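Down below is the structure, laid out as structure tokens.
The values are calculated or read from the model by the stated rules, or taken from the named source; none is laboratory data. The structure displayed is predicted, hence computed values, not measured ones. Glycine gets a Cβ as well: all are built from the backbone with ideal geometry, and neighbour counts include every protein chain shown. These area figures cover heavy atoms from the full protein model, side chains too; ligands, DNA and RNA do not enter into them. Shrake-Rupley method; radii C 1.70, N 1.55, O 1.52, S 1.80 Å.
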Amino acid sequence: MKYTYTQTHDQVAVTFTLPRDTPPSTRPVVTITSTTLTATVSGTPIIRGPLFAPIHASDSLWQIEAPQRTAPGVIAPRIVTVHLEKATAGVDWPVVVTESDDMDATSAYHLAQLLEAYDPPRALALYNKGADHGDVACMLKVAAFYEVGNENAAAVPVNQDINKANEWHRKAAHAPVDQYNAEYVAEACYILATAYSNGHGDLAQDLPVSMALYERAVTLARDELDRIGSQLSPLSAPGSPLGLSPVPKPTISQLAPGSAVKLRQLVQTCGFQAGLLHFEKQRYVEARAMWEYSGATGHAQSLFNLGVLYMNARGVDRDLERAVAYMRQAVAADATGKLSIPEGLEAAAEKVARGETTEQVFVESSSSKERRRGEKRRRREMAKKTTTDLQDALIVGTGLVIMGAGVWFAWKRWSSAAVL
């Protein structure tokens, strides 16, 4: 969204940020009349159209706030606020700008949201108008209407058309990215990745494309979290022999708290799914990188799978201490209560922590040649059993998260239509 707004009983405040590459000398052009508002930056409209209700233009003003540091080394874009004094105090404004031929895309989106429950055809027309002007949030809404269709919800004004929904999702996922639409492009990448992972409508299953889209969603979401000052904290190294320092909760920027939550969900879900696809292709290093991103959000199954990688030496050196540490975090974060540390792992990790080698953990020294042979056989059997147990553990973790991701995906699609 290019602008947001808040209001009190006697004032409406419209807020937007200047593009990051805006020269310091550039100022927005803001025109306020008693019935209209227009704000443009370098010729691009931010808000434009007739106001919902009259204002006192002479008492209204706009200002550019000083740059603020949202995190070490991160300077937020300059914020512009337009203060509008209501002509009639106490009147609640459901939108700032009402419908007009030249209204901006963000205003079309806000008005369409208001109309969805009352006039779905008109809402869809406004979403189409915004989508035709390149607004990604509007594209996702149009896609949601076609995804659901009136066969599933009588209020939806169009027949279900999965191929048309796919078309809009493709446009949204491949739209040029800027600071106003990054989270929506990331969401589109996630939806399209899910479609390619299973095959959906005219999209045949294509796992490499699905993987690339998941990874792009993670990159966009992480970059946007950095921009608004709500970075994902990297997973810390073990702070004690058998424990990772807890992943700190992020500080969510006051600029976009709702966006930060959604962006973290995208990193979590897409990072986990991309990790699964890499793991299935035995690209363990890449799987670990993706699960570290999703694990940094406190995602239980990602943390558990990281433990599996370190236990099985998949793309990393075997490290039982780190495996236990990740799995303990996973169990603590697991709301289902279904994850558990494989039997015997903690005891083995404790022996390693006392200075015993990995070999000593599983084999006691003996002067008997036959005893050594017997121990070697048992070691091979133990290793085989351990690997099998861990693969089974990973499969259980995978199943849990795929189910959770599927529910979230379905909810997003249905809730996006907002007409049920």
Of all residues in the range 271-301, which are within 15 Å of the chain's Cα centre (by Cα) and hydroxyl-bearing (Ser, Thr, Tyr)?
293, 294, 297
Step by step: first the residues of the range 330-371, then only those that are charged (D, E, K, R) and surrounded by 14 or more Cβ atoms within 10 Å (Cβ to Cβ), then the one that is modelled with the highest pLDDT. Which residue is that?
334
For the range 69-112, what are the residues that are modelled with pLDDT of 95 or more and of a type in the set (Lys, Arg)?
86
Filter the range 133-178 for residues that are out of contact with any Asp or Glu (no Cβ under 8 Å at 6 or more places or on another chain) and of a type in the set (Val, Ile, Thr); which is farthest from residue 228 (Cα to Cα)?
158
Here are 224, 215: which of them is acidic (Asp, Glu) and either at pLDDT 95 or above or surrounded by fewer than 16 Cβ atoms within 10 Å (Cβ to Cβ) (or both)?
215
Any residue at all in the range 43-53 that is touching a Pro at 6+ places or on another chain (Cβ under 8 Å), within 17 Å of residue 7 (Cα to Cα), at pLDDT 95 or above and among the small types (Gly, Ala, Ser)?
no
Taking the residues in the range 302-344 that are assigned to a helix (DSSP H, G or I), under 24 Å from the mean Cα position of the chain (by Cα) and among the small types (Gly, Ala, Ser) as candidates, determine which candidate is nearest to residue 275 (Cα to Cα).
302
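Residues 60, 34: which one is of a type in the set (Ser, Thr, Tyr), open to solvent by less than 30 Å² (accessible area, probe 1.4 Å) and at pLDDT 95 or above?
Unique residue meeting the criteria: 60.
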Of everything in the range 179-191 that's open to solvent by less than 10 Å² (accessible area, probe 1.4 Å) and touching an Asp or Glu at 6+ places or on another chain (Cβ under 8 Å), which residue is nearest to residue 105 (Cα to Cα)?
182
Under 8 Å by Cβ, and 6 or more places apart or on different chains, what pairs join a residue from the range 28-41 that is on the phi < 0 side of the Ramachandran plot with one that is charged (D, E, K, R)?
37/48; 38/48; 39/48; 40/48
So how many residues does the range 150-178 have that are open to solvent by 20 Å² or more (accessible area, probe 1.4 Å) and under 30 Å from residue 21 (Cα atoms)?
7
Which condition does residue 54 not pass, out of (1) open to solvent by less than 60 Å² (accessible area, probe 1.4 Å); (2) farther than 18 Å from residue 179 by Cα, if it passes all the others?
(1)
Return the residue satisfying two criteria in turn: it lies in the range 227-241 and is of a type in the set (A, V, I, L, M, F, W, C) and buried (at least 22 other Cβ atoms within 10 Å of the Cβ), and of such residues it is modelled with the lowest pLDDT.
232
Looking at the structure I just gave you, is residue 82 crowded, with 20+ Cβ neighbours inside 10 Å and in contact with a Pro (Cβ under 7 Å, 6 or more places away or on another chain)?
no
Filter the range 265-320 down to the residues that are touching a Phe, Trp or Tyr at 6+ places or on another chain (Cβ under 8 Å) and of a type in the set (Lys, Arg), then identify the one that is surrounded by the most Cβ atoms within 10 Å (Cβ to Cβ).
314
Which ones in the range 130-149 are open to solvent by 50 Å² or more (accessible area, probe 1.4 Å) and either in a helix (DSSP H, G or I) or modelled with pLDDT of 95 or more (or both)?
132
Name the residues in the range 192-203 that are touching a helix residue (DSSP H, G or I) at 6+ places or on another chain (Cβ under 8 Å) and either assigned to a helix (DSSP H, G or I) or open to solvent by 30 Å² or more (accessible area, probe 1.4 Å) (or both), would you?
192, 193, 194, 195, 196, 197, 200, 201, 202
